[in-house]
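First comes the structure, then the notes that go with it.
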Amino acid sequence: MLVGQSVLRCEVQGWTGRVPTCDEVKCVTPAEIVNGRFSPKKDFYGYREVVRYSCNKGLELRGSRDLFCSEDGKFSSAAPTCVRVECKDPVIINGFWESGSRPPHKYKATVTFKCKPEYTMIGKPTVTCNIDSKWSPGLPKCTKNGNALVGNGNALVGGLTGAVVTIPILLVQNYWM
């Protein structure tokens, strides 16, 4: 690695600054992780050398898989961790499992839902098990057709055809209008 200025100027009194030198950048062996390992194993790593982490069977890596030795003599980020990922069996009221993963639901497993007849889905039909053992983007809801009031005072009206129309709703003295 270059130590000093990379550009010198020739002036009346001579060169500005000092002549730079090249120093070897070394990173010490990175941290070990519980239930995992990294390779290659060495005492020192040169600038831009990469170590790759992996986890024992049944566990997933949270964080960067590859770390590289940076110019400051430290690895590019903290060591990752190995975690067990298992999402709870998803259930939606007035809906059912259509396709996808069956328990246990591991990392990146997907489940697709469908609503019962006469119900409309609010949200995405397919969810994925994330590294934090939660479903993303969140479980959908199945609402009775014609009763899908949303927080902004509008109703979503649609059927199994997929068409959705927003209609303003007025609530006067506890009566729908």
Need the failing condition index for Gly4 against (1) among the small types (Gly, Ala, Ser); (2) touching a Gly at 6+ places or on another chain (Cβ under 8 Å); (3) at pLDDT 85 or above, just the number. (3)
Test for Val165: is it at pLDDT below 95, in a strand (DSSP E or B) and surrounded by 14 or more Cβ atoms within 10 Å (Cβ to Cβ): no
Filter the strands (runs of 3 or more DSSP E) completely within the range 3-81 down to those with at least 3 residues that are buried (at least 16 other Cβ atoms within 10 Å of the Cβ). 50-55
Residue that is surrounded by the fewest Cβ atoms within 10 Å (Cβ to Cβ) [pool: residues in the range 91-150 that are touching a Cys at 6+ places or on another chain (Cβ under 6 Å) and outside any loop (DSSP other than H, G, I, E, B)]: Trp135
Which of the residues spanning the range 40-87 are in contact with a Phe, Trp or Tyr (Cβ under 8 Å, 6 or more places away or on another chain) and under 30 Å from Met121 (Cα atoms)? Val85, Cys87
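The values are calculated or read from the model by the stated rules, or taken from the named source; none is laboratory data. Here the structure is a predicted model, which means the values were calculated and not measured. As a convention, Cβ positions derive from the backbone with ideal geometry for all residues, glycine included, and neighbour counts pool all protein chains shown.
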